[in-house]
Amino acid sequence: MATVVELIAARKRFGNVEAVRGVDLAIAAGEVVALLGPNGAGKTTSISLMLGLRQPTSGEARLFGLSPSDRRARSRCGVMLQESGVTAVLRVAEIVDLFRSYYPAPLPTERVLALSGLTDKAASFTGRLSGGERQRLYFALAICGDPEALFLDEPSVGMDVTARRGMVETIRAFAAAGKTIVLTTHYLDEADQLARRIVVIDHGVVIADASPPQIKARVASKRVSFSTTPPLTDDVLRTLPARLLERDGARVRLLSGEPERLLHLLFERGVPVHELEVVGADLEEAFISLTSGQEARP
Amino acid sequence: MSTPVAGVVPLAGLLLRQTLAEIRIRRRIPAFSAVNLALPVVFYAFFGLPVAQRTFADGRSVGAHVLASFGAYAVGSVMVYAFGIGVANERAMRIDLLLRATPLPPAVHLLAKIITALVYSCISLALLIGFGVLVGGVHQPVGVWLSVALRLLAGSLPFIGLGFLIGYRYGPNAAPAVANLIYLPMSFASGLFMPLDQLPGFVRAVAPWLPSYHYAQLAWNALGAPTERLAVSVLWLAGYAVLFLGLALRTYRREEDRKFG
């Protein structure tokens, strides 16, 4: 399969901070890849390098085998960025039309509006849109050129549940049509639903690169949930082989690499345990333990 | 414009669509039209109409002279405000970030803005001269008006440079104030609002150093004013264009490095 995106030993330094510290990554045509990592991990910088919005300090970035700033490469990509803006005084349909004119074989305007759920807003000025509608507009601008590759940096931030579901459906349809999709997201369920490959980035390096089930399998951790009264204190928690995920009144949710020893200690200390549940970690928890860097590091 | 490249939109088509969009965007900003299309006419009504039918000792029309002055004021104003305030706003809204990821080359985007500013300059000149002719009864051969307009459009480069310099140096809150603080006193001190011989001595001493003074000379010269040779005006304007565009380019490059380096 042809390679769409390539980062070769890419490094990017901003002053004293090295945001990307040697990333090698190749994404083939038709792949749907999610970049995951905590804030400041280097996801956005990596996408910027792929798109030629940033120049690598060393190493190389290629897009469709070309320099990422080449117009021929950009004409085959649709991009949705965080914290970018558009003029406030064009109507939604007008700005979609303008962006369509940048691409050689764009989708019809009505179809773009329908796919991004903006048909009702076609005549609204962009400056009057709500946060979620704005995000849908950026999605519309990303897909309007009927791109072969779609880059989405935190696409569903600010969208409500319905809008998110709609966008996930549209992205799935694009993926089914053989498009290459690279996205970053904080919503791990979104990555799990969409991506067939997850690249976990932390502190500017790739710490895992596999399918969602493989990522989950790499984490030995189990999620241990139970209720207890009186509520578990921080002092007790600190002595347990577990990380606190959530505490809601009497209910606690822990992540542990040694669930048997954890339960043994709880019983030994006479902590009453009700409604016990021990299950395999889901993607979010896998992610926490991967990036926290202890039990899951291979 | 260049040889066609497979799989991309031809540059001429991109430029046309982008220019039409920029014109529409400007049209929808009432403050821009008020300042650049209405204000020069209002100023002419105050300063020009009362003297429209007078003549200088050498027989030249005072009304036409003042019309040329406000023509220079109007085109300079379009350039300084369109680029000064427009660029400051677009930078603050991070409009350049998303555009940079599209196949629209930054040079085409810039050229579309310059063409748009020239279109608005033409509209502003047509309104102003039309007002002078119809309301003020100022008459000159059509060729003379065309010469005034062409000289003002061609000589506007220093003001494009000044606009960019302000737009790249200042944020959207400071840019309008800075543009006004520079452009209004400079126009006044160049004799665009009142003849220089009615202004204080120190202003008369400063005027020949200002770009708008030499800019207005282009238009006055087209009406036969004997004050400055055309080549001298052109040299001064070229010097200011190099200075302002050079400073603007330096600021622009620094920002490019920070944003896209």
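Annotations for the structure displayed:
- Of all DSSP bridge pairs formed entirely within the protein assembly as shown, close to 70 percent run antiparallel.
- Long-range HN-HN contacts of residue A:208 with modeled amide H, under 5 Å: A:200
- Computed over region A:120-181, the quotient of the alpha carbon radius of gyration and 2.2 N^0.38 Å is 1.13.
- For region B:69-195, the fraction of alpha-carbon pairs lying more than 19 Å apart is 54 percent, rounded to a whole number.
- P(r) for chain B, from all Cα pairs and a bin width of 10 Å, is 7, 29, 33, 20, 8, 2, 0 %, short bins first.
- Once the Cα atoms are used to define both axes, helix A:161-176 deviates from the longest principal axis of chain A by about 70 degrees.
- Ranked by how many other beta carbons lie within 10 Å on average, peptides A:135-146, B:93-104, B:31-42 from highest: A:135-146, B:93-104, B:31-42
- For region B:111-172, the per residue solvent-accessible surface stands at 40 Å², with DNA, RNA and ligands left out and a 1.4 Å probe.
- Of all beta bridges that DSSP places with both ends in chain A, some 70 percent have antiparallel geometry.
- Each label point was placed 7 Å from the Cα along the Cα-to-Cβ direction; for residue B:242 and residue B:204 their separation is 3.2 nm.
- More than 13 angstrom apart: percent of Cα pairs within region B:35-113: 74 percent
- Dipole size of region A:123-204 about its Cα centre, with +1 on Lys/Arg Cβ and -1 on Asp/Glu Cβ: approximately 200 debye, rounded to the nearest 20.
- Delta accessible area of at least 20 Å² on complex formation, residues of region A:52-72, 1.4 Å probe, chain isolated as reference: A:53, A:54, A:55, A:71, A:72
- Long hydrophobic helices in chain B, taken as whole DSSP H segments with a C-alpha length of 20 Å or more on their own axis and mean Kyte-Doolittle hydropathy at least 0.5: B:62-92, B:106-134, B:174-189.
- Straight-distance candidates among the lysines for linking to residue B:259, with alpha-carbon spacing under 25 Å and chain neighbours fewer than 8 residues away dropped: A:12, A:43, B:113.
- Rg(Cα) / (2.2 N^0.38 Å) computed for region A:70-202, rounded to two decimals: 1.00
- Stokes-Einstein D (µm²/s) once Rh is taken as the Kirkwood radius of region B:9-67 over alpha-carbon pairs, at 37 °C in 0.692 mPa s: 227 µm²/s
- Seen against the Cα atoms of chain A and their longest principal axis, helix A:283-292 is set at about 80 degrees.
- Residue B:256 contributes about 50 Å² of solvent-accessible surface, heavy atoms of the protein only, 1.4 Å probe.
- Sorted from greatest to least, the principal axis extents spanned by the alpha carbons of region B:140-261 come out as 52, 33, 23 Å.
- Mean partner shielding of peptide A:96-104, defined as the number of other chain Cβ atoms within 10 Å of each residue Cβ, is 6.
- Inter-chain shielding of B:89-101 (mean C-beta neighbours from other protein chains, 10 Å cut-off): 6
- Taking 19 Å as the straight-line reach from the Cα of residue A:216, the aspartates and glutamates in range (excluding those fewer than 8 positions away in the same chain) are A:189, A:190, A:192, A:202, A:258, A:277, A:282, A:284, A:285, A:295.
- Among A:117, A:204, A:65, residue whose mean-square fluctuation peaks in a GNM of chain A (springs only between Cα atoms under 10 Å): A:65
- Surface share of carbon and sulfur [accessible, 1.4 angstrom probe, percent] for region A:178-283: 51 percent
- Solution diffusion estimate, µm²/s, Stokes-Einstein, the protein assembly as shown, Kirkwood Rh from C-alpha pairs, 25 °C, viscosity 0.890 mPa s: 89 µm²/s
- Principal axis dimensions, chain A - Cα atoms, whole angstrom, descending: 70, 45, 37
The values are calculated or read from the model by the stated rules, or taken from the named source; none is laboratory data. Treat the numbers as computed from the prediction; the structure is a model and nothing was measured. Backbone-built Cβ (ideal geometry, glycine too); neighbour counts: all protein chains shown. To get the accessible areas, we keep the full protein, side chains included, count just its heavy atoms, and leave off ligands, DNA and RNA. Shrake-Rupley method; radii C 1.70, N 1.55, O 1.52, S 1.80 Å.
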